[in-house]
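Step one of this worksheet: look at the structure below.
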Amino acid sequence: MAAADTPVLLLNAPLVASRLGYPDLSGLDLLELFAFVHPARFCVPTPKGLAHALGIAEPASDDAVPALLQRAATALVATCRGEQWAEREGAWSALQSLMRLRWPWAQTLLPHVAQPERAERWLFSRLPEWEEAADRPQPAQIVLEPTEIEAQLDHLTGTDSERREGQRDYARAAGKVFAPRGERGSPHVLLAQAGTGIGKTLGYLAPTSLWTTASGGTAWVSTYTKNLQRQLRAEARRAWPERRGDGSRPVVVRKGRENYLCLLNLEDALQGGFGGRAAMLAQLVARWAAYTQDGDMIGGDLPGWLGTLFRKRGIAALTDQRGECVYAGCPHYRKCFIERASRDSAQADVVIANHALVMVNAARARDPANRPTRIVFDEGHHVFDAADSTFAAALTGQEAIELRRWIVGPERNAKGRRRGLAARLADIASYDDAGGEAIEAAVEAAHALPADGWLQRMAEGEPYGPLEALLSAVRGATYARDESGGQEAGYGIETEASQLPGNVVELAQEAQAALARIRQPLSRLGARLEAVLEDAPDWLDTQGRARIEGARHSLTWRIELIQAWEALLARLGGPADPEFVDWLAVERSEAREFDVGIHRRWLDPMKPFARVVLEPAHGVMLTSATLRDGDDWDGAIARSGAGHLDVAPLLTAAESPFDYARRAEVLIVTDVPRGDLAALAGAYARLIEAAGGGVLGLFTAVRRLRAVYGRVADRLARTGLPLYAQHVDPIDTGTLVDIFRDDPRASLLGTDALRDGVDVPGESLRCVLLEQVPWPRPDILHRARRAANGGSTHDDRIIRARLAQAFGRLIRTRDDAGHFVVLSAAFPSRLLSAFPPGTPVIRLTLQEALERVERGASGVAVAAENSDEATQ
Ligand code: SF4
């Protein structure tokens with residue numbers, strides 16, 4: 001009632017609203033004010049985090065928070081009045097727009113933000129333009145000497161640092177992938193197991209930096225998590241300057257285009273494309289765009305919490321998610337963040353990217369200078385998963401509707417600037433008759449694809465057109481045959497694509513023919529565009545040329561997409577292809593359907609990976625703390641793809657220098673019955689209380705995570721132990737980890753993404769808690785791979801890898817210590833090799849575990865000493 005009566009000062013309104021169970025809560029949110037005053041500046045969205053960001057004293061207790069919020073508001077408003085406000089430019093104009101939008105803070109701020117003497121330049125004229133640069137020559141062929149590598153490593157680590165032999169061996173081994181290639185199609189492949197704490201990042205950056213300097217070439221360092229990318233960006237500063245003499249950047253972070261702000265989408269949003277709260281978000285994003293380092297909205301310098309404050313998918317709508325970029329046809333092309341990142345990376349010494357992007361670039365980079373040839377895959381144990389999704393094919397309703405929109409344009413009543421093929425290539429259509437006819441034919445044929453409302457029509461049994469008819473039959477067959485238990489639980493359901501009913505096969509043939517009718521004119525159009533480029537008319541200027549080249553590039557990959565769909569459909573009626581696993585699925589969340597389709601994965605995705613990434617490369621290194629399984633390299637070699645090229649990879653391993661025997665304990669709790677949610681929740685609450693927070697709780701199912709959270713969060717909060725949870729709190733995962741890191745009394749619950757992406761050294765993470773042994777999900781794809789890879793040994797390898805990853809979160813530095821607790825009555829001994837040799841493993845009751853956890857990290861060391869004495 002108080003909040004409804006008068007605007008109250010809040011910090012993170014959506015989170016407070018969800019905690020109070022009052023979704024309509026709104027007010028003066030300090031995070032919005034912070035985003036306005038200090039765009040592109042980091043802030044952990046908690047009272048303590050805000051205090052740190054503003055340089056004021058942090059609150060001593062929860063009671064002190066209201067006063068802190070007032071002090072923070074005063075400080076931010078005072079900044080706007082002050083002379084030293086670094087982000088003043090653009091603020092006055094943005095505030096005028098925010099006034100019109102009735103932003104809650106606008107009235108308060110208005111008297112404090114002075115009108116500039118001269119009119120402020122519009123954001124789009126203020127941003128700098130990128131420059132074209134000449135192609136780099138091919139890299140010189142050089143061999144790195146071990147002594148040079150060691151000297152460079154010394155230089156990077158600093159002369160005062162201790163000499164680590166493991167790191168030196170590792171760095172020398174990494175240097176071998178940069179040697180000249182002996183034979184075409186046979187790259188150097190190195191698999192390097194690097195125990196936590198050996199200093200692997202500088203270990204490979206030493207030879208990488210030597211090679212880039214001496215050869216003039218570009219090396220790619222690829223990660224799976226954004227967190228490691230951030231870390232690498234910081235570490236790379238030791239080897240390369242921020243900028244070269246000519247102002248260009250030697251180190252460039254590169255992500256998929258869907259991560260970057262699209263200026264054309266932003267302009268559209270600022271000019272009425274967005275309404276209500278989303279329009280305010282667009283204004284705050286525009287403030288950020290003027291100060292951002294590289295325009296990266298997801299995991300870059302845009303606060304991760306900004307999007308969730310506005311509750312809509314506003315951030316996604318400002319990126320180029322759907323490949324609707326018009327390239328040189330765009331008025332902001334010369335300032336575009338995506339184009340800048342692409343150009344910068346062609347000139348860079350090192351490109352920091354992610355696995356998926358490396359694979360996509362290897363497969364279809366527009367510019368050959370952007371094809372990676374020397375690659376270090378850090379977090380190399382994820383290359384398999386990344387290849388699995390990159391080389392997958394899926395003909396689903398959502399994918400097909402995207403294709404329709406790309407060809408036909410938006411449907412009636414659609415907002416925004418999206419345009420179809422005919423509008424994008426209007427000049428070609430009027431200049432080249434054959435091109436114009438091809439566009440017309442493609443648009444006509446694309447009406448066979450699903451349109452808005454397809455899910456509704458399917459549910460009502462009234463699909464429209466051949467693709468919707470097929471998807472409707474796929475849905476029917478999936479419901480008829482699925483036995484996964486997902487139907488009752490409200491999850492997605494699936495069935496294998498074999499022995500399908502006759503109507504599915506017939507409809508698949510009709511859909512295949514319809515797809516061919518779309519593909520053929522698109523191919524003709526591609527040929528016409530090429531012809532126009534070859535024999536360019538006078539009116540075609542450089543911009544127009546670039547636009548047509550862009551269109552041709554997007555056409556090519558859409559044609560490939562349709563071909564993959566046709567192949568998928570052709571298979572439905574015929575014999576199975578042993579290279580692939582195909583299945584039908586209805587995607588659901590809490591019993592609500594959101595997509596239906598046919599899926600195809602490679603049984604071994606490292607086969608296309610070997611062809612697309614390894615074969616053209618000169619040197620590739622895969623490294624991780626959990627590459628091999630125990631001492632066994634076989635799985636790691638198979639999952640590197642090297643076998644498909646007949647290349648014998650070089651192998652190297654450096655053991656972790658950490659004293660796991662003294663710093664960690666694995667506790668296997670045997671008396672929490674499986675499937676008993678109340679007992680599970682009780683165990684979580686008691687363990688978190690015993691540890692005094694600092695617990696990372698990992699789940700294999702979101703449903704159980706939510707159930708446990710629902711039962712224990714309130715109880716813990718009352719004892720001053722905040723609990724945060726992925727899939728529950730309206731906060732992005734990266735920010736959740738920032739909050740967890742910042743508060744040693746906080747605990748965090750999550751699923752897979754946290755098993756790998758959390759790097760929290762020090763006191764904040766003292767205990768990792770697993771609800772059960774992380775068995776793989778027994779879906780159709782898993783069943784096929786299990787059968788092809790030795791049955792239960794395949795499962796065991798996956799589980800050990802997951803356990804090792806989860807355990808790896810616990811000890812990040814020499815001084816870390818803590819407990820790794822698994823709640824599992826039956827924990828097979830064969831899985832214990834997942835833990836580093838020497839780590840004590842104790843099977844015990846919950847009560848005994850609580851006692852050990854309560855003694856805390858120091859208890860681990862004491863226990864180790866006692867056992868030493870006992871042995872003596
Ligand atoms: S060039 Fe493409 S991605 Fe860049 S701003 Fe323009 S439309 Fe957006």
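FYI, it's all coordinate maths here, none of it is from the lab. Just so it is clear, the structure is predicted and the values come from calculations on it, not from any experiment. When we count neighbours, we look across all protein chains shown, and the Cβ atoms used for this are built from the backbone with ideal geometry, even at glycine.
Using bins of 10 Å that start at zero, the share of Cα-Cα pairs per bin across the range 25-105 amounts to 17, 50, 28, 5, in whole %.
Solvent-free Debye calculation, one equal scatterer per alpha-carbon of the range 13-70: log10 I(q)/I(0) at 0.13, 0.17, 0.22, 0.29 Å⁻¹ equals -0.36, -0.61, -0.96, -1.24. Taking every Cα-Cα distance in the chain and sorting them into 20 Å bins starting at zero, the pair-distance distribution P(r) comes out as 13, 43, 39, 5, 0 percent. By the beta-carbon count within 10 Å of each Cβ, the least crowded to most crowded order of R136, R766, fewest first, is R136, R766. Taking the Cα centroid of the range 10-58 and of the range 738-773, what is the distance between the two, rounded to the nearest whole Å? Value for the Cα centre distance between the two parts: 22 Å. What pairs in K255/K607; K48/K255; K200/K226; K200/K335; K48/K200; K48/K226 have C-alpha atoms more than 28 Å from each other? Exceeds cut-off: K48/K255; K200/K335; K48/K200.
Which is farthest toward the positive dipole end of the range 1-107 among G21, L11, L54, measuring Cα position about the Cα centre, with Cβ charges +1 (Lys, Arg) and -1 (Asp, Glu)? Final value for the positive-end residue is L54.
Charging the Cβ of each Asp and Glu at -1 and of each Lys and Arg at +1, and nothing else, the dipole of the chain about its Cα centre rounds to 860 debye. Neighbour counts of C-beta atoms inside 10 Å place T845, T556 in the sequence T845, T556, starting with the fewest. Bridge orientation summary for the chain: considering DSSP beta bridges with both residues in this region, about 30 percent are antiparallel.
Looking at Q563, F609, I637, which one has the Cα that reaches farthest to the positive end of the dipole of the range 516-638 (charges on Cβ: Lys, Arg +1; Asp, Glu -1)? Farthest towards the positive end: Q563.
Taking Cα centre as origin and charging only the Cβ of basic (Lys, Arg, +1) and acidic (Asp, Glu, -1) residues, the dipole magnitude of the range 526-567 rounds to 160 debye. By the beta-carbon count within 10 Å of each Cβ, the least crowded to most crowded order of L651, L769, fewest first, is L651, L769.
Spatial offset of the range 447-516 relative to the range 622-690 amounts to 39 Å, using the alpha carbon center of each. Taking a sphere under 14 Å around the Cβ of G710 and counting the other residues whose Cβ falls inside, with K and R at +1 and D and E at -1, yields a net charge of +4.
Summing +1 for each Lys or Arg and -1 for each Asp or Glu among the other residues whose beta-carbon sits under 11 angstrom from that of A653 gives -2. Between D759 and S186, the distance separating the two model label sites (each 7 Å from Cα on the Cα→Cβ line) works out to 3.6 nm. Name the residue farthest towards the positive end of the dipole of the chain from the options P66, A536, N259, assuming +1 on Cβ of Lys and Arg, -1 on Cβ of Asp and Glu, about the Cα centre. The Cα lying farthest towards the positive end belongs to P66.
Take 639-648, 540-549 and order them by the average number of nearby Cβ atoms within 10 Å per residue, most first; the result is 639-648, 540-549.
Estimated purely from DSSP H runs of n ≥ 4, each contributing -39500 (n - 2.57), the mean residue ellipticity at 222 nm for the chain is -14500 deg cm²/dmol once divided by its residues. Residue ranges 123-133, 196-206 sort as 196-206, 123-133 when ordered by packing (mean number of other C-beta atoms within 10 Å per residue, highest first). Charge dipole (Cα centre; +1 on Lys/Arg Cβ, -1 on Asp/Glu Cβ; no other charges) of the range 546-667 amounts to roughly 480 debye.
For the peptides 106-114, 727-735, 216-224, 531-539, residues were scored by their other Cβ atoms within 10 Å and the scores averaged per peptide; the highest-first order is 216-224, 727-735, 106-114, 531-539.
Each Cα pair of the range 161-219 feeds into the Kirkwood radius, which the Stokes-Einstein equation turns, at 4 °C and 1.567 mPa s, into a diffusion coefficient of 104 µm²/s.
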